[in-house]
Amino acid sequence: MLAPLIAVPMAAALSAGLIVRLRPLLVRYALARPNARSSHTEPTPQGGGIAVVAATLAVTGLLIAAPEASRDVLVLGFGAVVLALVGAVDDIRPLPAWARLMLQAVVVGGVVAGVDGRLVPALPPAVERTLAVLAGIWFVNLVNFMDGLDWMSVAETVPVAAALALFGGFGALPPAAILVAAALLGAMLGFAPFNRPVAKLFLGDVGSLPLGLILAWLLYRLALEGGLAAAILLPLYYLADATLTLIRRAARREPVWQAHRSHFYQRATTNGLTVGGVVGRVFALNLALAALAAATLLWPSPVVTLGALAAGCGLVAALLIRFSRAPTADGTRVP
């Protein structure tokens, strides 16, 4: 039970230490230059995700007890390394969209196959697994899409990982998953000072892709343990922003695979909110969503579950509306 408590500071120290050592190399070889998706105006090194992923996996591997080293944790670690390598290549020389998706499908398929349990027993196993793979691929990509603003990934991952680790304390996750969540929390805390606005370092695809995979695995495990509503509530802002943006761009027949700045959080900065104002609101929303998710686990009843989901959707909708409002000539904001 002490392992998760040890994992947080250990992963934070390891992540920060690796960043200090790697940053000169990243400045030299992995500069992210401003493009159509960027919120930054100066070339900034990317690749901080190397330290985050390495710290998460190293601390998990060091502290996990042999009986808890289940097959799905080992498969998750291997999959995270593969996606980190894919992201590293993509950061340096962008890969075709079809190649990225194919590799992601293989990795997510392997991770889903390594997890025991059924989420919807009424469905044929092959159908359920296929849907889980598609959901996993989307989640990996939406985490990557949403990593477009200083501290945005921190504002999402820190409260979600902390909530998952805490939920495990009252039986919502198996011990190995609790340790992974705690290690991820620590690793992101170690990265946070370097990504503080104005960021001196970005995660890069080398970090955001495996980060999406690890979060998807944790949420999948939570759902399989009976916490489906909580697994939906925790990432609800990311799910809503990314999915609605994709639908809106597809409806306009825009090339959805190309870089853009039409996410709600990106529009918020264009509409006059500061970066700190945007990520602060997202962080506060995620704390509220975590509280609602906890309620569904502590008081598992249809009334509480439906009420929490409705409240969560309302809070997310309110923030999306706030982010999408444009300023008028007299300084007021209208939809």
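Below are the figures for this structure:
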quantity: Hits in region 166-223 - residues which are among the β-branched types (V, I, T), part of a helix (DSSP H, G or I) and under 27 Å from A88 (Cα atoms); calculated: V180, V206, I214
quantity: Meets criteria (under 25 Å from S70 (Cα atoms) and either hydroxyl-bearing (S, T, Y) or touching a Leu at 6+ places or on another chain (Cβ under 9 Å) (or both)) for A126; calculated: no
quantity: Subset of region 252-287 [of a type in the set (V, I, T), at pLDDT below 90 and not in a loop (DSSP other than H, G, I, E, B)]; calculated: T269, T270
quantity: Unique residue being over 26 Å from L179 (Cα atoms), modelled with pLDDT of 85 or more and surrounded by fewer than 15 Cβ atoms within 10 Å (Cβ to Cβ) when the list is A36, A99; calculated: A99
quantity: Members of region 218-261 that are surrounded by fewer than 22 Cβ atoms within 10 Å (Cβ to Cβ) and within 24 Å of R71 (Cβ to Cβ); calculated: A223, L224, E225, G226, L228
quantity: Subset of region 229-251 (residues that are assigned to a helix (DSSP H, G or I), in contact with a helix residue (DSSP H, G or I) (Cβ under 6 Å, 6 or more places away or on another chain) and within 26 Å of S301 (Cα to Cα)); calculated: A229, A230, A231, L233, L236, Y237, Y238, A240
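The values are calculated or read from the model by the stated rules, or taken from the named source; none is laboratory data. Note that the structure is predicted; figures quoted are calculated from it, not measured. Quick reminder, even Gly has a Cβ in these numbers, built from the backbone with ideal geometry, and neighbours come from all protein chains shown.
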